[in-house]
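Derivation of every value follows stated rules applied to the coordinates shown; laboratory data play no part. Computed from a predicted structure; not experimentally measured.
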Amino acid sequence: MPIYLDGHSTTPLAPEAMEAMAPWWHAQVGNPHSPHLSGMLASQAVENARSELASLIGSDAQELVFTSGATEANNIAIRGTALAALEGDIGRRDIVVSAIEHK
């Protein structure tokens, strides 16, 4: 049987994750950015997950940013690096990004 090692976007969902998310896909659907009750409940669930994850990895919950995927995460990292360089008064002002990193 082959061993597949390139599963970033196609990795099967862990059973524990599926169980934790199932209510939010079916019975408790809500946009966590909406002000109605369903949205507020979803927002609280996201914040609870953020706190639980932070405690697992030894960070502050405020340090964790959930993104929709690699492109968004890459853009946040590049922007954060650029802003940190500006605040740190670093003389370099160029960002080099390779097309092979991510589309």
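Things worth noting here:
- Put simply, the convex hull of the Cα atoms in region 15-66 casts, on average, a shadow of 3.9 nm².
- The largest-to-smallest principal axis extents of the Cα set in region 21-103 are 51, 29, 26 Å.
- Using alpha-carbon coordinates, inclination of helix 15-25 to the longest axis of the chain, degrees: 80 degrees
- C-alpha long axis of helix 37-57 to longest principal axis of the chain, angle in °: 60 degrees
- Residues in region 92-97 carry Karplus couplings, in order, of 6, 10, 9, 10, 10, 10 Hz; the curve used is 6.51 cos²θ - 1.76 cosθ + 1.60 with θ = phi - 60°, and Gly or Pro positions show x.
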